Amino acid sequence: MTLYIDPPTWPGHGMLWSHLVSDVSFEELHTFARSIGCPVRAFERDHYDVPAHRYGDAVRAGAVEIGSKELVRRLTEAGLRRRKHAGGWGGR
């Protein structure tokens, strides 16, 4: 089981955020996210948004730190990338 997390550099709601992904399955991603206390509402299409103050929790639990471009590449190569749809909700 390998989960990946990028650095908390994404601004939103007055905080910085990371993205947590799996390159195996959404089931693996959801199981890991639950284990570190991510709420279901933090899931967006193909990743979990993780606030900067929880980044260390994810890494200590086994998430591998990688850059954002590498994270997207692995997600895309795994066939798990779900892009936003213009004018749509994005398929949560």
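Any read-out appearing in this document is the output of simple, stated calculations on the displayed coordinates, not a laboratory observation. Worth saying up front: this structure is predicted, and the values here are computed from it rather than measured. Using ideal geometry, Cβ is built from the backbone for each residue, glycine included, and neighbour counts are taken over all protein chains shown.
Quick notes on this one:
- Within the shell of other residues whose beta carbon sits under 11 angstrom from the beta carbon of Gly37, the net charge comes to +1, with Lys and Arg scored +1 and Asp and Glu -1.
- Karplus (6.51, -1.76, 1.60) ³J(HN,Hα), θ = phi - 60°, over the range 25-30, in Hz, Gly and Pro reported as x: 6, 6, 4, 4, 4, 5
- Amide H contacts of Val64: Leu3, Tyr4, Ile5, each under 5 Å away and 5 or more positions distant or on a separate chain (H built 1.01 Å from N in the peptide plane; Pro and chain starts excluded).
- Gain in span if fully extended, Met15 to His30, counting 0.36 nm per residue against the direct Cα distance: 3.1 nm
- Computing Cα extents along the principal axes in Å directly from the structure and comparing it against [x] 44, 37, 26; [y] 36, 32, 24; [z] 47, 28, 16 singles out [y].
- Relative contact order of the chain, defined on C-alpha pairs under 8 angstrom at six or more residues apart (%): 36
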